[in-house]
Every structure is written in structure tokens, then in C-alpha cells.
1. Looking at the stretch 121-132, can you tell me whether even one residue there is touching a residue at least 24 places away in the same chain (Cβ under 8 Å), aromatic (Phe, Trp, Tyr) and more than 13 Å from Lys11 (Cα to Cα)?
2. For the stretch 87-123, enumerate the residues that are under 20 Å from Ser69 (Cα atoms) and among the charged types (D, E, K, R).
3. In the set Ala2, Ala30, Ala14, Ala47, which member is in contact (Cβ under 8 Å) with a residue 24 or more places away in the chain and under 23 Å from Ala130 (Cβ atoms)?
4. Suppose the filter is of a type in the set (D, E, K, R), open to solvent by less than 50 Å² (accessible area, probe 1.4 Å) and within 12 Å of the ligand (Cβ to nearest atom); does Lys11 pass it?
5. Out of curiosity, is Thr6 within 21 Å of Ala113 (Cβ to Cβ), hydroxyl-bearing (Ser, Thr, Tyr) and open to solvent by less than 40 Å² (accessible area, probe 1.4 Å)?
Amino acid sequence: MAVENTLSIIKPDATKRNLTGLINAKFENAGLKIIAQKRMQLSKSMAEKFYEIHKNRPFYNNLVDFMISGPIIAQVLRGDNAVNLNRTIMGATNPQEAEEGTIRKEFAESIEANSVHGSDSLENAHVEIAFFFSDIELIY
Ligand code: CMP
């Protein structure tokens, strides 16, 4: 299986409840390595740009406001099949549909405040990682 990098964001609902360590343990226990990580306060323009693909969706403005409502942790996860493995570890976008043991089942508050974001394809992972990190910040 191919070794991949994927972007993960621990969202404000989770940083506010001090869940960073418990969420990181889920990644590490599943075999993903955190090769870059930074705690940030997103500006409105950064959040708008990051979620630009959703700008015509009815939830876009609320999503942007939520993403700037507190600190986030941007991180790069690396491992075999990292993009899809991370999506399995996160669980479904809507926590009501998420499987037992997933991050969103255990921690998410709602479909919006759903604790984590993860890249949905290898192509998007490259774009999203470059949004937050330069190559020299990825420490293998
Ligand atoms: P994420 O994986 O970060 O990608 C886009 C985000 O939009 C998603 O997680 C949710 O937080 C949010 N989202 C998706 N669908 C809805 C929805 N129907 N209502 C509110 N927020 C949503």
C-alpha cells in the first residue's frame, strides 16, 4: 500500500474541550504518524479560502464562523493509505451516522461542530497541506 500524507484539522469544538491529545491518540493508535502540527487562530479570510469549494452551500457562512470561533490544530498525518485511513478513523461527517469508535461518534457535537476535518482525496491532500505548511515543516 502506498505511503501518503493527508491534512487533518482538529476543529474549535474539540480544542475548546481539550480533546487534542485524545484525538491524536486515535491517529497514532491506528498507525498514522503526526509529521507536522500547529495550533492556530484562523482569520476569516483564511477560513473562507480553505472552504471555498463549499461557498455556494447553505452552511458556508456558519461553517466559516465556526472555524474562527476558537483555535484549530492543523496537522499532517502520514502512513499507508493515510487519506482513506484517516477518513475511517474520523467517521461520517454527520456524527449521527458515524461508526462506534470513530472520532466523530465519540466527540462531535453536530454535523458542523464535528471535531475534525480530513482531506477527501490524495489530490486535495496535496493542496490542503500546502495551504498550511511548507515542505520544510514536514518532518518525516
Ligand atoms: P469537513 O470535513 O470539514 O468539510 C466540510 C464541512 O462542512 C464538514 O466537515 C462539516 O463540518 C460542514 N458541513 C457539511 N455538511 C453540513 C451541513 N449539512 N450542515 C452544516 N455543516 C455541514
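The values are calculated or read from the model by the stated rules, or taken from the named source; none is laboratory data. Just so it is clear, the model here is predicted, and its values are computed rather than measured. We place every Cβ from the backbone using ideal geometry, glycine too, and count neighbours over all the protein chains shown. These area figures cover heavy atoms from the full protein model, side chains too; ligands, DNA and RNA do not enter into them. Shrake-Rupley method; radii C 1.70, N 1.55, O 1.52, S 1.80 Å.
1. Taking every residue of the stretch 121-132 in turn, at least one turns out to be touching a residue at least 24 places away in the same chain (Cβ under 8 Å), aromatic (Phe, Trp, Tyr) and more than 13 Å from Lys11 (Cα to Cα).
2. Within the stretch 87-123, Arg104, Glu109, Glu112 meet the criteria.
3. One residue alone meets the criteria, Ala2.
4. Here the answer is yes, as Lys11 does meet what is asked.
5. no
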